[in-house]
């Protein structure tokens with residue numbers, strides 16, 4: 001059993017109840033609990049009362065990319081927009097979720113630094129180990145096989161790696177805030193000992209995963225290792241955060257009051273999270289009306305499928321030595337641009353004009369794939385979404401027909417069009433808001 005104080009949330013076994021400060025002048029609601037389902041009630045509006053100078057940091061440690069948002073004094077939410085070696089990251093406000101360790105277990109590069117020119121060659125020469133996709137080593141048993149995930153670095157536990165990455169994010173935040181408010185030299189020192197932290201996680205995670213994440217936060221030095229420090233660590237599921245995102249980006253609460261509810265599909269890097277909410281017409285809240293789902297079919301598994309295919313294709317080719325590089329090129333270009341399998345060919349540009357192997361359809365440094373082959377890499381994820389939406393619709397107390405598709409993977413046009421086409425015959429309406437950052441909405445959740 002785990003409890004977080006501070007009038008925010010408490011988790012007890014199978015039920016989570018969100019409690020809101022009844023002393024506020026804003027309209028407040030205490031969520032009802034149901035014995036049979038882990039449900040939550042969520043406020044539609046973000047209270048604006050802040051009684052003292054306080055900093056709230058929200059860390060979204062995603063499978064492939066991570067981000068930070070913060071709020072000082074008032075509910076105007078900002079994102080950390082500068083990271084070491086992150087000039088190309090600023091537009092997206094996210095950095096790779098990855099760390100390079102040397103042979104002594106010391107962090108040598110993290111975040112955007114792992115993508116710097118020449119860092120891969122240095123890592124190979126000096127024997128560094130890369131930790132990536134590590135958050136899913138927290139996964140509940142039975143949700144994915146260990147063989148699908150890159151192993152942790154030697155001598156490192158998942159708590160160790162997450163702690164190192166949280167420490168890095170915290171240092172980036174300090175540097176950014178001190179540089180953004182240079183006239184207030186006492187700002188950071190005045191906030192650092194009383195700040196609250198929000199950590200987002202997939203729907204399927206509960207008390208065991210939250211306990212380990214809290215341990216990592218303590219180990220990272222974000223809070224002291226005592227009760228008051230641990231009570232400054234809060235958690236929000238990605239489904240809850242994304243409901244706020246949908247409301248803030250065109251999903252009208254008044255519309256939902258008159259409808260069956262809404263299914264949130266968060267298609268991310270590692271997981272596809274499904275949540276089902278209905279509006280309480282009598283009180284401005286949303287109730288979670290079905291058990292949330294979490295499936296390991298995010299965008300990284302498209303890359304895994306591509307890698308498996310290419311490993312067989314290149315098994316007799318000298319370019320098998322470049323497999324990892326070719327998969328990275330697929331990840332950064334071909335996967336993102338893919339939208340139509342009827343196009344005759346898809347290309348992975350990975351080398352120079354001197355790189356050729358006609359037996360493997362490699363000419364002038366480009367590997368050619370048929371469109372239907374690339375579509376096959378996406379198919380398990382698409383089918384997972386379709387089946388999960390139908391299951392959520394069937395299990396919910398109200399039969400939701402509104403589907404909100406969010407998350408980084410949702411930006412892929414092929415995924416979106418296939419979800420729309422396959423759900424439309426059954427009466428579902430699919431909406432894809434502009435892409436947003438989970439951490440941004442996590443702070444909205446904190447203030448609700």
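Side notes on the structure shown:
- Every test in (1) in contact with a strand residue (DSSP E or B) (Cβ under 9 Å, 6 or more places away or on another chain); (2) at pLDDT 95 or above is passed by residue 163 save one, and that test is (1).
- The set of residues in the stretch 391-407 that are within 29 Å of residue 65 (Cα to Cα) and out of contact with any helix residue (DSSP H, G or I) (no Cβ under 7 Å at 6 or more places or on another chain) comprises 391, 392, 402, 407.
- When 347, 377 are checked against the criterion of being touching a helix residue (DSSP H, G or I) at 6+ places or on another chain (Cβ under 8 Å) and within 23 Å of residue 295 (Cα to Cα), a single residue qualifies: 377.
- Subset of the stretch 177-225 [out of contact with any strand residue (DSSP E or B) (no Cβ under 8 Å at 6 or more places or on another chain) and closer than 18 Å to residue 60 by Cβ]: 212, 216, 220
- Of all the residues in the stretch 61-100, those that are farther than 13 Å from residue 168 by Cα and either outside any loop (DSSP other than H, G, I, E, B) or at pLDDT 80 or above (or both) number 14.
- Hits in the stretch 296-317 - residues which are in contact with a helix residue (DSSP H, G or I) (Cβ under 9 Å, 6 or more places away or on another chain), part of a helix (DSSP H, G or I) and more than 29 Å from residue 204 (Cα to Cα): 309, 310, 311, 313
- Number of residues in the stretch 273-295 that are part of a loop (DSSP other than H, G, I, E, B) and at pLDDT 70 or above equals 4.
The values are calculated or read from the model by the stated rules, or taken from the named source; none is laboratory data. Since this is a predicted model, take the numbers as computed values, not measurements. Don't worry about glycine lacking a Cβ; one is built from the backbone with ideal geometry, like all the others, and counts go over all protein chains shown.
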